[in-house]
Amino acid sequence: MGQCYSCGRSIENAGAYSRIQVGAEVFLICCPMCMTASEAGHVQRRMIPSSFSNQYVSVFVGYQPALHVGGDYACVRGVDDVRLYAVVADISGHGVTSSIVMSRLSGEIEALIGAGSDLPEIAVTLNRSVRALAGERHIFLTFFGAILDFRTGQLEYVNCGHPGQLLWSETGVGCTRLDSDAIPVGLFGPERFGTPATRTAALAPGDKLVLFTDGILDLERDGVPLEEVGLIGTLRELLKSSLPGAAERAFADLTKLQGRSDDDLLLVVIEIKESANRSNLGASGDLQRGRHPQI
């Protein structure tokens with residue numbers, strides 16, 4: 001007796017619709033629908049960026065959908081020698097519909113980033129696209145986009161209804177929140193949505209930009225929602241050190257709390273290593289950020 005890899009239903013090995021072998025491990029699939037969901041989930045995971053490291057940053061990406069497919073999205077991509085785009089978004093709802101919308105928008109976001117579009121332009125274009133896709137359905141997304149410029153030592157960001165993301169500073173400021181000051185994407189037409197304003201923050205070597213979706217904040221530890229203070233506590237070791245594997249351990253701790261949650265988990269941690277001009281790094285930026293509880 002085994003369990004379906006897709007839905008968790010108990011099935012006899014002989015009654016499995018299909019078997020998927022990965023190395024020495026065999027996964028059972030109970031029916032054609034679960035086989036389709038499993039394949040779709042595999043494709044969607046490939047759309048989420050992998051962790052990587054280069055001269056300027058070390059990037060960790062952890063993604064765990066509640067179902068095989070979900071509506072969380074991330075893109076971390078350099079557009080030239082000294083600038084890095086980082087985007088996280090969360091489509092309303094869960095499951096197949098959210099996944100389809102996310103898949104459609106992901107190509108659009110990456111095309112806009114590849115063209116070097118500014119953050120307000122990306123948000124405005126996505127608002128138009130979501131409105132066109134949604135039709136009569138009530139679909140929207142929260143969106144956080146940032147550009148990290150390693151030449152000027154500045155972070156520029158736009159937050160459209162997304163949870164306040166976190167920036168940990170090595171220079172004594174502690175953990176600060178990059179709050180939202182714009183409405184979610186797709187809720188209203190262009191007149192009401194307008195053009196979101198950008199904000200800026202200073203970056204320095206050792207700083208860590210922590211991006212996530214609300215599924216992480218809704219996790220419960222001992223029956224108490226994690227929320228922002230609990231998330232900071234979970235990330236304490238990661239934020240205060242550059243120990244190898246700290247991000248992986250933090251995300252593994254979070255996934256243990258997922259349990260019966262019907263929301264996806266997405267965590268992106270970008271650690272600043274150096275700048276193109278070290279004398280500039282941390283010297284510029286308008287710190288329009290709300291103070292966050294100290295760790």
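The values are calculated or read from the model by the stated rules, or taken from the named source; none is laboratory data. Here the structure is a predicted model, which is why all the values come from computation and not from measurement. Neighbour counts run over all protein chains shown; Cβ positions are idealised from the backbone, glycine included.
Brief remarks on what is shown
- Residue match in segment 232-239 (condition: surrounded by 14 or more Cβ atoms within 10 Å (Cβ to Cβ), assigned to a helix (DSSP H, G or I) and hydroxyl-bearing (S, T, Y)): yes
- For segment 148-182, the tally of residues that are in contact with a Gly (Cβ under 6 Å, 6 or more places away or on another chain) and more than 21 Å from Y85 (Cα to Cα) stands at 1.
- So E228, is it at pLDDT 85 or above and closer than 15 Å to Q165 by Cα: yes
- Applying the condition of being under 27 Å from E271 (Cβ atoms) and touching a helix residue (DSSP H, G or I) at 6+ places or on another chain (Cβ under 6 Å) to segment 105-142 and asking which residue is modelled with the lowest pLDDT yields S106.
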